[in-house]
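What follows is a set of notes on a single structure, which appears directly below.
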Amino acid sequence: MQHVAAFVRTRFLDVLALRALRSLIFAMKRQLIAHLLESEAEQEDVFVQGWVRTRRDSKTFFFLELNDGSSLKPLQLVVSEGVPGYADSRDIATGAAVSARGRLVASQGKGQSWEIQVAELSLVGSADDSFPLQKKRHSNEYLREIAHLRPRTNLFGAVFRIRSKLAFAIHRFFNERDFVYVHTPIITASDCEGAGELFRVTTLDSAQPPKDETGAVDFGQDFFGKSTYLTVSGQLEVETFATALGNTYTFGPTFRAENSNTSRHASEFWMVEPEMAFCDLQGDMDLAEEFVKSVIQDVVASCADDLQLFCNFVDKGLAERLQFVETRPFKRLSYTEAVEILKSCSRSFEHPVEWGVNLQSEHERYLTEEHFKCPVTLYDYPKTLKPFYMRANDDGRTVAAMDVLVPGIGEIVGGSQREERLEQLQENMARHGISEADYDWYVDLRRYGSVPHAGFGLGFERLLMFVTGMANIRDVVPFPRTPGHAEF
Ligand code: 4AD
Ligand code: MG
């Protein structure tokens with residue numbers, strides 16, 4: 001009996017000791033590699049955790065390049081024979097997760113300032129050689145198929161760190177100017193753009209939906225008692241807040257069921273939508289330009305290392321383009337003037353240009369990349385091209401709309417001054433076949449203390465493409481949704 005008790009006690013103590021050791025390792029707070037790489041002096045005892053990018057073996061020691069996601073640059077670990085954990089190190093290969101304690105010392109190697117002389121190493125999670133991201137270049141198309149692993153590559157780590165900084169820069173921009181951030185709904189009963197590109201939200205049984213007396217599906221019996229959709233834009237709802245709180249913005253996901261298979265269209269994308277009371281089209285264009293410049297400056301300042309990767313490997317013209325946008329004014333001209341330029345240029349376009357047609361990507365690119373060679377803001381579009389809420393101009397044929405176009409992408413911002421006059425709005429709604437009963441609340445804004453107001457929507461992914469030079473929207477969204485694709 002005594003033997004058994006002694007055995008149990010020893011095993012129990014062993015387990016406790018092991019736990020104590022493990023908790024000692026894990027209780028130390030993980031230091032970020034980004035911070036250690038900026039260290040000003042050697043440090044006696046540092047602790048890092050991350051994923052192994054590469055391993056190089058020598059006779060009595062080996063090197064690991066460790067990346068913890070905090071920076072583009074990895075930190076080199078030097079692991080000598082005999083340190084605790086060395087025996088388990090057979091399993092440490094590309095893709096494995098490890099913890100390491102040791103001394104931060106100046107590196108002898110080229111291209112890195114600091115390395116860790118490891119005093120203690122432990123394997124947290126192994127990865128065998130089926131790990132798909134072995135050290136070689138993979139195509140962006142292949143990496144889209146493994147979108148759950150691609151943040152572990154240099155390129156996509158950088159894309160998504162910049163995406164995060166850019167979102168933060170947007171909030172900072174508006175916060176510094178006293179704009180109120182409004183959370184507009186994701187599920188809505190309205191179609192802001194009137195283009196009918198809506199994803200329906202329903203809980204009805206698709207095999208046996210209830211029918212009304214005409215035989216049509218009776219959405220009156222649906223979850224919300226009416227037809228509902230995923231929002232295409234938060235604009236209509238944020239207008240109600242602008243006409244109460246003054247300067248507002250919404251920033252969130254929007255959804256479009258448009259069957260566009262291009263490198264610039266996604267079915268789910270994020271939009272930033274400021275809306276300002278007591279503001280006209282000029283003020284709207286001024287804000288859009290200041291906004292684009294300011295957030296780019298912010299990201300250039302805060303993401304220098306990551307941006308360098310894009311300048312070196314993705315888009316050779318990027319540095320110059322970003323500097324240009326930061327420092328030079330955008331070109332501003334009316335739609336009518338732009339059409340004149342396109343009609344009189346020597347270029348033959350696939351889609352011929354006439355006053356009244358929607359400008360295609362080839363036209364937008366000609367203006368920004370060849371004619372003006374800079375971002376261009378176009379304003380006063382034909383009213384037949386634009387939604388019901390835009391303010392009619394006195395000429396009777398245009399509305400106070402504006403688009404910002406940038407080289408390489410085309411439209412990045414779309415906005416307008418809104419129709420604040422009750423009768424004109426009602427007339428527009430009738431012309432667009434929109435039932436006033438459905439938008440009564442929106443019309444109310446024109447009944448009670450109506451004011452001139454304006455706003456715009458900026459496609460967050462398109463801005464990120466512009467900032468990084470990434471050519472396909474699918475590569476700046478964590479998990480892209482496009483026609484026929486909703487993996488993960
Ligand atoms: O021009 P849009 O359709 O404007 C609106 O939705 C307005 N309600 C905005 C407002 O005034 N508050 O869309 C605005 C921007 C476009 O300029 C483009 O950058 C982006 O949203 N966008 C898309 N981005 C990615 N994929 C798509 N399918 C997009 N559709 C529009
Ligand atoms: Mg638009």
For segment 363-378, what are the residues that are within 13 Å of ligand 2 (Cβ to nearest atom) and open to solvent by 10 Å² or more (accessible area, probe 1.4 Å)?
E364
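Please return the ranges of helices (runs of 4 or more DSSP H) entirely within segment 133-246 where 2 or more residues are over 21 Å from F269 (Cα atoms).
Details: elements: 140-145, 154-176, 235-245.
In segment 133-246, the matching helices (runs of 4 or more DSSP H) lie at 154-176, 235-245.
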Run down G196, G246 and say which single residue is of a type in the set (G, A, S), surrounded by 12 or more Cβ atoms within 10 Å (Cβ to Cβ) and within 30 Å of K386 (Cα to Cα).
G246
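Checking the conditions here, which among F219, F223, F255 is more than 30 Å from I473 (Cα to Cα) and buried (at least 16 other Cβ atoms within 10 Å of the Cβ)?
Of F219, F223, F255, the one residue that is more than 30 Å from I473 (Cα to Cα) and buried (at least 16 other Cβ atoms within 10 Å of the Cβ) is F219.
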Go through (1) surrounded by 15 or more Cβ atoms within 10 Å (Cβ to Cβ); (2) more than 15 Å from ligand 1 (Cβ to nearest atom); (3) of a type outside the set (D, E, K, R) and name the single condition Q235 misses.
(2)
Would you check if A430 is at pLDDT 95 or above, within 16 Å of ligand 2 (Cβ to nearest atom) and small (G, A, S)?
no
For segment 433-462, name all the residues that are closer than 30 Å to A169 by Cβ and away from ligand 2 (no atom under 16 Å from the Cβ).
V451, P452, H453
Here are some conditions: (1) surrounded by 12 or more Cβ atoms within 10 Å (Cβ to Cβ); (2) under 29 Å from A304 (Cβ atoms). E38 meets all but one. Which one does it not meet?
(1)
Looking at V292, V314, which one is more than 17 Å from R161 (Cα to Cα) and among the β-branched types (V, I, T)?
V292
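Does segment 154-172 contain at least one residue that is at pLDDT 95 or above and farther than 23 Å from P480 by Cβ?
Yes.
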Considering only segment 259-286, state which residues are away from ligand 2 (no atom under 16 Å from the Cβ), open to solvent by 20 Å² or more (accessible area, probe 1.4 Å) and either modelled with pLDDT of 95 or more or over 23 Å from the mean Cα position of the chain (by Cα) (or both).
S263, E268, F278, D280, Q282, G283, D286
Is one or more of the residues making up segment 346-362 modelled with pLDDT of 95 or more, open to solvent by less than 10 Å² (accessible area, probe 1.4 Å) and more than 12 Å from ligand 1 (Cβ to nearest atom)?
no
Counting only residues in segment 410-425 that are within 22 Å of P274 (Cα to Cα) and open to solvent by 10 Å² or more (accessible area, probe 1.4 Å), the one farthest from ligand 1 (Cβ to nearest atom) is identified as R421
Residues in segment 395-409 that are more than 10 Å from ligand 1 (Cβ to nearest atom) and either touching a residue at least 40 places away in the same chain (Cβ under 8 Å) or not hydrophobic (A, V, I, L, M, F, W, C) (or both) total 7
Cβ pairs under 9 Å, 6+ apart, first in segment 379-393 and within 14 Å of ligand 2 (Cβ to nearest atom) and open to solvent by less than 40 Å² (accessible area, probe 1.4 Å), second among the charged types (D, E, K, R) and assigned to a helix (DSSP H, G or I):
Y389/E239; M390/K383
Cross-chain or 6+ apart pairs with Cβ under 8 Å, segment 420-433 first and within 19 Å of T240 (Cα to Cα), then polar (S, T, N, Q)
E420/S450; R421/S450; L422/S450; M429/S435
Give the residue, chosen from S130, S126, that is open to solvent by 70 Å² or more (accessible area, probe 1.4 Å), in contact with an Asp or Glu (Cβ under 7 Å, 6 or more places away or on another chain) and of a type in the set (G, A, S).
S126
Flag for V46 being at pLDDT below 75 and of a type in the set (V, I, T):
no
Tally time: how many residues in segment 297-339 are open to solvent by less than 50 Å² (accessible area, probe 1.4 Å), within 30 Å of R397 (Cα to Cα) and assigned to a helix (DSSP H, G or I)?
4
Six or more apart or on different chains, Cβ atoms under 7 Å: show the pairs whose first residue is in segment 453-465 and modelled with pLDDT of 95 or more and whose second is near ligand 1 (Cβ under 8 Å from one of its atoms) and basic (K, R).
R462/R264
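Can we say A437 is more than 10 Å from ligand 1 (Cβ to nearest atom), free of Cβ contacts under 8 Å to residues at least 12 places away in the same chain and either acidic (D, E) or not in a helix (DSSP H, G or I) (or both)? Talk me through it step by step, then tell me what you get.
Values: more than 10 Å from ligand 1 (Cβ to nearest atom): yes; free of Cβ contacts under 8 Å to residues at least 12 places away in the same chain: yes; either acidic (D, E) or not in a helix (DSSP H, G or I) (or both): yes.
So A437 fits the description; yes.
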Scope segment 337-355; condition under 33 Å from the mean Cα position of the chain (by Cα) and either in contact (Cβ under 8 Å) with a residue 24 or more places away in the chain or at positive phi (or both); matching residues
A338, L342
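The values are calculated or read from the model by the stated rules, or taken from the named source; none is laboratory data. Every value quoted in this text rests on a predicted model; they were computed, and no experiment measured them. Cβ sites come from the backbone with ideal geometry, for glycine too, and all protein chains shown count toward neighbours. What goes into the accessible areas is simple: the full protein's heavy atoms, side chains included, and nothing from ligands, DNA or RNA. Shrake-Rupley method; radii C 1.70, N 1.55, O 1.52, S 1.80 Å.
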